[in-house]
Each structure stands twice: as structure tokens, then as C-alpha cells.
1. Show the residue pairs meeting these rules: Cβ distance below 7 Å; 6+ apart or different chains; first residue within the range 289-305 and touching a residue at least 40 places away in the same chain (Cβ under 8 Å); second residue of a type in the set (D, E, K, R) and surrounded by fewer than 19 Cβ atoms within 10 Å (Cβ to Cβ).
2. Give the range 71-101 a look and list any residue that's away from ligand 2 (no atom under 16 Å from the Cβ) and farther than 20 Å from residue 185 by Cα, or say none.
3. Filter the range 112-131 down to the residues that are in contact (Cβ under 8 Å) with a residue 12 or more places away in the chain, within 9 Å of ligand 1 (Cβ to nearest atom) and not polar (S, T, N, Q) and list them by number.
4. With respect to residue 254, is the statement that it is touching a Cys at 6+ places or on another chain (Cβ under 7 Å), among the hydrophobic types (A, V, I, L, M, F, W, C) and within 16 Å of ligand 2 (Cβ to nearest atom) true?
5. Please go through the range 208-249 and give me each residue that is β-branched (Val, Ile, Thr), away from ligand 2 (no atom under 16 Å from the Cβ) and outside any helix (DSSP H, G or I), ordered by number.
6. Please indicate, with yes or no, whether at least one residue in the range 132-142 is more than 16 Å from ligand 1 (Cβ to nearest atom), farther than 30 Å from residue 300 by Cβ and touching a residue at least 60 places away in the same chain (Cβ under 8 Å).
7. Taking interchain pairs and intrachain pairs at least six residues apart, which have beta carbon atoms under 7 angstrom, with the first residue in the range 249-270 and within 11 Å of ligand 1 (Cβ to nearest atom) and the second of a type in the set (Lys, Arg) and open to solvent by 10 Å² or more (accessible area, probe 1.4 Å)?
8. Check whether at least one residue in the range 212-222 is open to solvent by less than 30 Å² (accessible area, probe 1.4 Å) and under 29 Å from residue 124 (Cβ atoms), and report yes or no.
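The values are calculated or read from the model by the stated rules, or taken from the named source; none is laboratory data. Note that the coordinates shown come from a computational prediction; the quantities given were computed from them, not determined experimentally. All Cβ positions, even for glycine, are placed from backbone atoms using ideal geometry, and neighbour counts span all protein chains on display. Protein only, heavy atoms only, side chains kept; ligands, DNA and RNA dropped before computing areas. Shrake-Rupley method; radii C 1.70, N 1.55, O 1.52, S 1.80 Å.
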Amino acid sequence: MSLSVLDPAPNEATARSPKPLTEGRQSVGILIALWGFVVLPFAALLIAVPVAWGWGLTWLDVVLGLAFYVVGGLGIGTGFHRYLTHGSFKANRGLRIALTIAGSTAIEGNPTQWVADHRRHHAFSDREGDPHSPWRFGESFGGLVKGLFYAHVGWLFFRELANRERFAPDLMADKDIRRVDKLFPVIVILSATLPSIIAGLVTWSWQGALSAFFWAGLVRIGLLHHVTWSINSICHVYGERPFETREGDRASNFWPLAILSFGESWHNLHHADPTCARHGVDKGQIDINARLIWIFEKLGWATDVRWPKTDRIDAKRVAAGTMNG
Ligand SMILES: [Zn+2]
Ligand SMILES: [Zn+2]
């Protein structure tokens, strides 16, 4: 599979006009910068694992880290994103509360603020008003590097909070969600410290507690942050764009992050059809969040799931022959 390089966003007008949608490949410099953004942090982590194995990293750390990663990651993808933000399905009260708490353990902000920011992102994708577009500083090499950094993490430091009354009045009106919002600082502390408390009790040692605090606490939180942030940065610059999105919206499918993001990196389809419960709609596109929603539906906890409809999806495909390969 080739990682196609992006061109200005196709939209209905240009897709039907005779002008081609693409005009050559992106420069090597930009490709190097992009790969550096994805690969370097993960490579550093992969190198650290064997170095620390046996004295500073144990199976217990791995199991705890994985468990908390999965809860937080699915809480963000299924809970905050597909359920709370986009209403891809209806959940019973227990599931709604559980998903909202699970997403909070990812430490990406309280649920209502997360949703408000993300709805604002969809309202203004890659245009003025988007809280985190990598195209904010233009399309030059320097502008894009700056923009990628801004979309990835910089916006959090210079952030103007999206107006919750405007973008998330439904959540503000919900007593259960308001309660989780209030408890958010407590959930943050528990998410950061529980792995080390568990490991300390299991191993009955400070060394065990410390090592779990590092791997299952700090590294797990940092990794999940980078994966989520990569959806905002990488997935608006790099990857394939088989579906038509609104003018200027450059959301793309970036397959290398599909598993770590539990299916959130099929971001082009998501922007083309935001309420769809499955983002990886094509063959072979692993989407673990969609599988989880499917399980909730089977259990009777989730109803009215907006599964992809073939004709609706096909109507959004970029016309054959105009797609960037
Ligand atoms: Zn997006
Ligand atoms: Zn979204």
C-alpha cells in the first residue's frame, strides 16, 4: 500500500471539473519531517524496552500498561468520540457513564470540553476556527512543520477553550456527564497512580511500584496522548483520501496507526461521514472501536447504531481515476 501524498482537498466542484485533483508529489523534505513525527517517538520507546527489560520493566508493568491503555483508548474512541461527540449510537445509562469515565482516564481533558473542542474541529476542519489544523501556518515546508507541531500538541498550550454552551449543550444538560466532569481531577489522579499502587501491592516493593508508575503510568499516558494527537496532526496531512470531504478539509486515512488508535486513524472516512459508527469501512481496515460497539449492540447496551450504508458510503467516494494513488 502506498502512502500517497496529499493534494489540495477535493470537493464536489473540483471533483466534477476537468482539472485534475493532484499535481505531483510532496517534497522529500516534508516526507522526512512527517516520518520523523510518527516514527521517532515510537522508535525511542522500542529501544528503551529491551534496555530496561529484566531490571526496570516487568511483565506486570506490561500487563498493567496495556490494560490502562486499552481502557483509555477505547474510552476516547468509542466513548468521547463516536458516542458523546457524534452520537453514532445510543447507550443505556450504565454504558454512558462507564464510557465517559473510561475516556476520562486517558487524561485528555474533561468529557464536555473534549467534545466541545472536537465538534468545533468538525465545524471548521482545516479552515479558520479549527482549534488544531496542521495547515494553520500555510503550505510551505516551515509552515507545515510548525503546523504539525501545533496540531499535535502546541494548540493545547495556546488553546482557547471551545465554548461548551455552544458546542456541547447536550452534555451540559446531562446530570451524569456533569458529575464525571466534576470528578475529572480525581479520575486523573487515579489513572496516573492506580497502576503503581496495584504493582506495589502485588510485588510488595517500592521498586515494583516505581517501575509500574513509569511504564504503566507515564509511558502509557504519553503513548496514548501521542496516538490521539497524531489523528489531529498526521491524519490531516498524510495518507490516503478515498472519500470526498468538505472544501479545504484534508482528513486522511493513515493505516500505520489503525491498531494503536483502535481504528481512529481511518480519519478520511470519518470526516466524510462523521456520524458513522465504523470508520474503517473498507476491506481489511481494522477498526476495534467499531467491533466494541458491535459487542455493546449484541449485549443490548447500545441501540440505534449508525452502521455504514453501502450506497451512502459509495456516494462519497472520490470518482475513480481522480484519486491520488
Ligand atoms: Zn479531524
Ligand atoms: Zn470526529
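1. Once the first residue is touching a residue at least 40 places away in the same chain (Cβ under 8 Å) and sits in the range 289-305, its partners that are of a type in the set (D, E, K, R) and surrounded by fewer than 19 Cβ atoms within 10 Å (Cβ to Cβ) give 302/90; 303/90; 304/90; 305/297.
2. Result: 90, 91, 92, 93, 94, 95.
3. Within the range 112-131, 118, 121, 122, 126 qualify.
4. yes
5. Within the range 208-249, just 237 meets the criteria.
6. Yes, some residue in the range 132-142 is more than 16 Å from ligand 1 (Cβ to nearest atom), farther than 30 Å from residue 300 by Cβ and touching a residue at least 60 places away in the same chain (Cβ under 8 Å).
7. Partner pairs satisfying both residue conditions: 252/241; 268/241.
8. yes
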